[in-house]
Amino acid sequence: MEKEANEKTTEASTPTPAKATFPIKWIVVGLLALILVGGGTFFALRYLSASNSSSSQENTAAKAEKSEKEAKVGVMYSMEPFIVNLLDKGGKRYLKVKMELEVPGEKVAEELTRRKAQLRDTVLLLLTSKKFEDVNRLDGKFQLRNELIFRINQVLRTGKVQALYFTEFVVQ
């Protein structure tokens, strides 16, 4: 009896050898993981390449439209030079400005010609309100350009000024 009890205790205390199915389970799990990762990668690449091709077509169309807009230069309208005293103490500084306006068509250019007196008045009032410090810096010139476009567009009825170019800008 003692022998049987010892045999039972030794059987219980000795570990049983691992079954042969243990490595097979890990192989199956690894293969499943590879299939999932590979399948996910395949579908992701397929989806991304389809969206990239459609977005590249959209980008190409947008670039063509942008270049078409850039290629279309509006009608240029040249204004006579403006010579004004700046708003400084003593009025010793003056500004000479010559500019060209870019408008979308001939109708707007004709309106500019008809409204020449109104335009000159608008520009003169704006220029004489500026100080030397306002027009001497680059950012001041950009601000002046934007203000001029805004004021001129308020006068126009048939169209708008697309751009304004300073062809002469002298401050003394």
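Which three semi-axes in whole Å describe the equivalent ellipsoid of region 75-171, each the square root of 5 times a Cα gyration tensor eigenvalue, listed largest first? Walk me through the numbers on the way to the answer.
Values: eigenvalues 120, 33, 24 Å².
Largest first, region 75-171 gives 25, 13, 11 Å.
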**Study point:** Two-site label geometry, Phe150 and Leu87: point separation in nm, points 7 Å out along Cα→Cβ
**Key:** 1.4
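Using the per-residue mean of other Cβ atoms lying within 10 Å as a proxy for protection, in what order, highest first, do the peptides 111-124, 92-105, 26-39 fall? Present the calculation step by step, with values, prior to reporting the outcome.
Values: 111-124: 14.8, 92-105: 16.9, 26-39: 10.0.
Averaged packing, sorted descending, gives the order 92-105, 111-124, 26-39.
Every number here is computed from the coordinates shown, using simple stated rules; none is lab data. Remember, predicted model here, so these are calculated numbers, not experimental data. Don't worry about glycine lacking a Cβ; one is built from the backbone with ideal geometry, like all the others, and counts go over all protein chains shown.
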